[in-house]
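Below is one structure, written out as structure tokens; the observations come after it.
Values quoted throughout were computed directly from the atomic coordinates according to the rules given, and no laboratory measurement underlies them. The structure presented is a predicted model; accordingly, all values stated were derived computationally and were not measured. Heads up, the Cβs are rebuilt from the backbone with ideal geometry, glycines too, and the neighbour counts pull from every protein chain shown.
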Amino acid sequence: MKIGMVCYPTFGGSGVVATELGKALAKKGHEVHFITYNTPVRLGNFKPNIFYHEVRVSDYPLFDYPPYELVLASKMVEVARDHALDLLHVHYAIPHASAAITAKKILAEEGLKMPIITTLHGTDITLLGRDPSFEPVISYAINSSDAVTAVSNDLKNDTFKLFGVNRDIEVIPNFYCPSHYQITPNEEFRKQVAPEGQPIITHISNFRPVKRILDVIKIFSFISKELDVRLLLVGDGPERNAAEQLCKELGVEEKVTVLGKVKNPIEPLLVSDLFLLPSETESFGLVALEAMAAGVPVISSNTGGLPEVNRHGVSGTMRDVGDIEGMGKDGLKILSNPEVLATFKKSALSRAEEFRIDLVLPKYLALYKRIIE
Ligand code: GMT
């Protein structure tokens, strides 16, 4: 098959899922054309069967806002025509799905049939979707796609609740690639974060308010009153300064390492003992799955799609949003007893294995075949 893959090329989960899906499809011999404004972060070096088409918006002084969606639609038309694509798989409703619908119509005028598959990732529905200025376009793009998938049942239900959707949505969960985890943990790095072998608690995100990064610091502070632990913060975003400030106020800054953005979160995960994800909401929580795949138990909130990934008492624990004490106590329970920690680590990995790419990829392939036929 020849597949056009449209996504945000950034560190966000939707871009990661699209990129890893494209890489896996290319390995199976399919031709994958990424259409984005930058090389996707997780794409890595040259790979056979993978092509990249840059969407570049010229900076005309006339425009207050660059018309990205129009340039993207034109690029999709060009790539679909020149490479005889079989389908376009767009990740994230805005503006990718709506641009794809425009491209589909242009191609139809030329007698070319172009099926559009839209994958909803969460923030496009749960955050942007609540904004009435986006609602009509998101609903239209969802209803006009040839197939729509959501990364969790919770996101599927939210989509029906928030939009005038009159079509079926298939749930295809996110996945991880076990081969990426076959690397030796970096002991030098572990020592740098925890010089005396203290347990390492990790959080990775884009530090947006929805991630409740301040809860992460408070939970860590709660645990560190009883146990000698270290906190590793990976990522960057609007709440980073506030997080660093809170570390100072709570007197834990010496125990905290803030790494900033890293291309490969697996390295920090492989030296971690516990992962915190106390988000306000998560449609899936890809980073929780990545932590579990590295054998790291997860303490998360119990909202959105998180209960479809994390298993309370098995791969970690779940508490209500904002239950800092509950999450702190869970952390103490898991980290204070080496046997308990070892059991959680093993169970986190077994739970993650249910989301291996080789189990999820066939679902996308079956959908592609169905839609093309
Ligand atoms: O969580 C983010 O801020 C990034 C966002 C995105 O759009 O990439 O993540 C969303 O999609 C991920 C991949 O499907 C999910 O794992 C995340 O849970 C989801 N984020 C939210 O729902 C807040």
Lysines near Lys218 by alpha-carbon distance under 17 Å, same-chain residues fewer than 8 away left out - which ones? Lys248, Lys255, Lys329, Lys333
Length added when fully stretched, Arg370-Asn302, from 0.36 nm per residue minus Cα-Cα: 21.0 nm
Given springs between every Cα pair under 10 Å in a Gaussian network model of the chain, which of Ala293, Ala18, Ala194 has the largest fluctuation? Ala194
With an 8 Å cut-off on Cα pairs and a minimum separation of 6 or more residues, tell me the relative contact order of the chain in percent. 13
Just to be sure I understand the model, the point goes 7 Å from the Cα along the line to the Cβ. What's the resulting Asp64 to Glu188 distance in nm? 5.2
Given the options Glu188, Glu267, Glu170, which has the most mean-square fluctuation in a GNM of the chain, springs set between C-alpha atoms less than 10 angstrom apart? Glu188
More than 21 angstrom separation, counting every C-alpha pair in the stretch 73-226; what % is that? 61
If you average the alpha carbon positions of the stretch 333-372 and of the stretch 284-332, how far apart do those two centres end up, in angstrom? 14
Range of Cα positions in the stretch 178-355 per principal axis (Å), largest first: 41, 36, 32
May I ask you to compute the full-extension gain from Glu196 to Val71, defined as 0.36 nm times their residue separation minus their alpha-carbon distance, rounded to one decimal in nm? 39.6 nm
So for the pair Ala342, Val314, with labels modelled 7 Å out along Cα→Cβ, what separation do we get in nm? 2.2
In the stretch 16-103, the trypsin sites (Lys or Arg not before Pro) that fall in loop regions by DSSP, at most 13 other Cβ within 10 Å: Lys28, Arg56
In Å³ per residue, the alpha-carbon convex hull of the stretch 266-373 encloses 97
When the stretch 1-148 is reduced to its Cα atoms, the Kirkwood hydrodynamic radius in Å: 15.5
Helix-derived [θ] at 222 nm for the chain: sum -39500 (n - 2.57) over DSSP H runs of at least 4, divide by residue count, nearest 500? -12000 deg cm²/dmol
Debye log10 I(q)/I(0) at q = 0.21, 0.29 Å⁻¹ for the stretch 169-235, Cα point scatterers: -1.02, -1.18
For the pair Glu110 and Glu249, what calculated FRET efficiency results from E = 1/(1 + (r/R0)^6), where r is the Cβ-Cβ distance and R0 = 51 Å, to the nearest 0.05? 0.25
Looking at the stretch 147-189, what % of the alpha carbon pairs are farther apart than 13 Å? 64
So how long is each side of the chain along the principal axes, counting just the alpha-carbon atoms, biggest first, in Å? 68, 42, 38
